[in-house]
Every structure is written in C-alpha cells, then in structure tokens.
Amino acid sequence: MSLNTASDRALVRNVVIVGGGTSGWMCAAAIARMAPPGLTVTLVESEEIGTIGVGEATIPTLIEFNRFLGLNENDVLRYCGGTFKLGIEFVDWLGAGERYFHPFGLFGRDTPEFAFHQLWLRLKAMSENGAAPADTAGRIHDYNLCSVAAARGRFSPPSMESDTILSTMRHAYHFDANLYGQLLRGYAEQKNVRRVEGKVVDVARDPELGLIRSVSLSDGRAIAGDLFIDCSGFRSLLIGDALGSDFIDWSHYLPCDRALAFPTARIGSAVPFTRATADRAGWRWQIPLQQRSGNGYVYASDFIDEQEALRQLLDSAEGTPLADPRPLRFRTGHRRVFWEKNCIAIGLAGGFIEPLESTSIHLAQVGIQRLINLWPGRGVNAAEVAHYNRAMRMDYERIRDFIVLHYHAAQRSDSEFWRYVGNMEIPDTLASRLDMFRANGRIIPDPEDLFTEHSWLAVMLGQGIKPRNYDALVSRIPERALIYNMRQLKDAVEKTAMSLPTHQDYIDRHCAVRV
C-alpha cells in the first residue's frame, strides 16, 4: 500500500522541522544542502524550552557529515572550541586501577587470509608456552597507532596513502554541541532555511489520511507543511504525542537513567581522548575542550540517589567549577517506528542510547542520511517507510549490544549495580558474538555495523574476555616469520606515533580558538 495520492498535496514542497539544537540544525543544514528547487524549509524552536546540549564527544562518522556540508575541519573546531579524539580510555571497569583503550583506528594489518588479531593471538600463545620470549607479543594496543599516539598525547590526521602506518589513524572530535548547533544554524539560514521562534502546543492532522498538516504555536500562529521532522528531543511531540508511536524501553539492559553534567576550568594540555571512569552506580566522563573540560556522571537511580551521585562527581572532578551541575533524565530505547505517515523522528525524539560510546549525534546523522537517500519528494511511500524503520531499528539494536557489552563483561562485583549488570540477561545477538569470540577469537563483521571488528576486539579484550583458541589456519605461518614481522610492525607504530606533533601543538597551530 502506498500513502501517495494523485493530488498535489502529496508532493513535498514545505518541510517543517520541530525543534532546534544539534539534531534540528543538522537536519536543516543537510536538507538545505540538497534541497531541490522550490523546496522551503522552516525550523520551529523555542528559546524558552532550550536544548539538552551537553554532548561534547563524537565518533568519526561526523567527519563524513561535515564533508557533505563542505565544512572545513579546522574551522569547525576553532568555532566550537574543539579538540581531537582518538578513542576512549576506560578506567576501573575491571577493578580499581585497571584501564584499557578503545581506539578508533585499526589494529595492525589484516591479511587476505587472516584478521590481524588472529596473528597476535597466536604470538601471545607462543609467548605463554615458551615458543617465543615472554614479552614478544606485547599488548594488542601496541599495534594500534591511535592507542599509542593517545597514550603519548600526540595527534595528526590520517594519511591518504594506504600503505603507511598513518593511514590506519581514525579520529573524531570533542566540542561544544551548542556552538556546533549555532554553526549549522548559520549555514542553514544562509541557504534560506527560515527559523520561527515559538512553542508548539498543538498538531493538526488530515482527517482522511492521518497526515500532519500543521503545528500550532502558543501565540496562535499555525505552521503548515507537507513533511514534518520531529527534533523535539525527549518530548517527542510529533512522533510520540501526536502519532502515538510507543517507546521500546531497554532499561532492563541499560539501567542508567540519570546524568549530572558540569564544566570545569581545564588543567594542563588537552589529551586526545575521552576518559570514562567506572563508579559505584554507573560511570563518570571527562572530556577536554580547548577552553574548559566537560565532566559528568551517568548513573542508575535505582542504585544511587542524586545527592550521593553529585557528591561522587564533585569529589572526582578536576579544575575549578564554571557552573552548577545540571541534572538530566532519560530512558534508553527507541520509538517503535521512527517514520510514521509524513513525520520522521530524528535524534532524541526517535530514541536514545546512553552516551558511553558517544553515539547520540551519530544516530541523528544516520537518520538524516537515510531520509535524504529516501527523500519523499513525490509523496510518502509505505515500502520506503518500512525500510527506513527497519534499518533504524537495527542500527539502535547493534549499538545497544555494543554498549551492553561494556557493562555485562565488566569484572566488578563491588556494588549492587555491578552485580546486577554482570548477571543480567543479555540480548541473544550479543550472546552469540561473545560465544564465537570466546571459542576461537572470531569476530564476524556485519557490513551495517557502526562499530567495526576492531572496536569489538578492543572492548572484548579490554573487558577481560579471552579467546580459548585462535584460528587454526594461522599455525601454517612459520614462527620466525611471525615473530619478526610482528616486532617490525610494533616498532613502526611506536616510531610513527613519536614522529607526530603533540595534540596541543597541533591545535595551537591549526584550529585554536581566536581570543
């Protein structure tokens, strides 16, 4: 069945975006960038309501979005007070003093026959059984340029020459999300996106087809449109309230439902990574920007009250506080459908997965990209809507599994929270991945996965999950050749990392905020 009609009203000539913030202005900028002739875009937002706006960390996919818009990387970071991010350092997830790194870049070099980590697993086994010196294998992170560079506070963009170690580098950003939204607002308005200040109080629907026809503002104005995009955040005014898409709650898998966030004066040079430190009922973040640091505590309210969480956050934060801590509430999960009738939910209006791996902006981005790829210029088609909803649901589920992995595999039992997540039932899709890795170290990539096999490898090994064996076919590689080549690769990674400028020097030279 198609929702198309033969009448002109099925055509999309007027797009209305409800809600601003990062998601709203990303959406406005992207649509303005590809808008066909005659398309008008209106964004309605209310300064009275404001935005969530605490997001400060991203993942590498945002680079593609900025390139799509034609934005220069250094200009974006200069405007948003940003720094570079090579990955996330996880502290105390396996116990006090334990730490590991989830890098964005690649581990070693895969061969046509084997994933690199299978070579490392064999070398590690050789070291353990005496077939190679005890320190030969080293840590898996010794073969990852992002990990080594981050540990030494160094940074440079990846090389475009595919045969170099520097080509294995991947990076993202830390920045002020509110400033990024303002940057995109300027971009969108230059391309004739119209901003309307106002609070949406009602939604009018077509009595025949059920499509949204207009939104009414508190001052009595009505904004009509053919396609409506819900960027209203957790309120979900259109897809949830007006169209009734219910919420699929994942709090049984991811019980954290609160956060406290506040900025502090930065101490010392900015490091090129986010730090996530496990705490009694969740985890604390530390994110370096050029002129301040972002701090926060994501926690489960069933296991700790707000006052105690606040005390733990304030006791652990470094630097002078620049504002009072801001409390946030959320639920992890998503709307049953992201696209209903002529309305698409983007960002928090469609769903939320807690910020442990900085995926919120990405989920808005991928929703926008899919909408553009399926642009309903001639009307809404039911088959395309079904495809969009199926693809978005799978995106959320794959990311959910990756986040659940961090909690479930953490070898902590020092609080009720960690005992719960360590013993809870996990999704079958995650259980299958873990069983396969534990057996022979296999990670079967899904081409639609956001997180590659390199990310899964970093977190599974980092969380203490050890394969019992390695791929048996790797045994045909001569031991001497394996030892020699792995040593050469490890040395090359170290030398490349040390040849890079420091992260602070690179920022000062290329993208420092102009005072």
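No lab work stands behind these numbers, since they all come straight from the coordinates. Because the structure is predicted, anything quoted here is derived from the model rather than measured. Cβ: placed from backbone, ideal geometry, glycine included. Neighbour counts: every protein chain shown.
Summary table
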{"read-out": "Full-stretch length increase - T111, N192 - with 0.36 nm per residue and alpha-carbon distance subtracted", "value": "24.2 nm"}
{"read-out": "Eligible lysines near K495 by straight Cα distance, threshold 28 Å, same-chain separation 8 or greater", "value": "K85, K124"}
{"read-out": "Trypsin sites (Lys or Arg not before Pro) restricted to DSSP loop in the stretch 359-402 with at most 11 other C-beta within 10 Å", "value": "R378"}
{"read-out": "Computed helical MRE - 222 nm, the chain, DSSP H runs ≥ 4 contributing -39500 (n - 2.57), nearest 500", "value": "-11000 deg cm²/dmol"}
{"read-out": "About the Cα centre, charge dipole magnitude for the stretch 258-328 (Lys/Arg +1, Asp/Glu -1 at Cβ), debye", "value": "300"}
{"read-out": "Given charges at Cβ of Lys, Arg, Asp, Glu: the stretch 299-358 dipole, positive-most of S316, G351, T332", "value": "G351"}
{"read-out": "Charged-residue dipole, Cβ positions (Lys, Arg, Asp, Glu), the chain about Cα centre, Debye nearest 20", "value": "820"}
{"read-out": "Share, in percent, of DSSP beta bridges within the chain that are antiparallel, nearest 5", "value": "70"}
{"read-out": "Proximal lysines relative to K199, as straight alpha-carbon distance under 30 Å, when same-chain residues fewer than 8 apart are discounted", "value": "K191, K341"}
{"read-out": "Length added when fully stretched, R468-S218, from 0.36 nm per residue minus Cα-Cα", "value": "83.7 nm"}
{"read-out": "Contour excess over end-to-end distance, with Cα ends at L322 and F247 and 0.36 nm allotted per residue", "value": "23.4 nm"}
{"read-out": "Positive dipole terminus of the chain, leading residue within N144, L500, G210 (C-beta point charges)", "value": "L500"}
{"read-out": "Longest site-free stretch - the chain; sites: GluC sites (Glu not before Pro), DSSP loop, at most 12 other Cβ within 10 Å", "value": "209-317"}
{"read-out": "Distance between the stretch 436-465 and the stretch 169-213 - C-alpha centres, whole angstrom", "value": "36"}
{"read-out": "FRET efficiency, T40 to E306 (Cβ-Cβ, R0 60 Å, nearest 0.05)", "value": "0.85"}
{"read-out": "Residues S162, S455 arranged by fewest to most Cβ contacts within 10 Å", "value": "S162, S455"}
{"read-out": "Student exercise, the stretch 466-515 dipole from Lys, Arg, Asp, Glu Cβ charges, in Debye to nearest 20", "value": "180"}
{"read-out": "Cα shape, the stretch 373-515, gyration tensor, a/c 1.5 rule", "value": "oblate"}
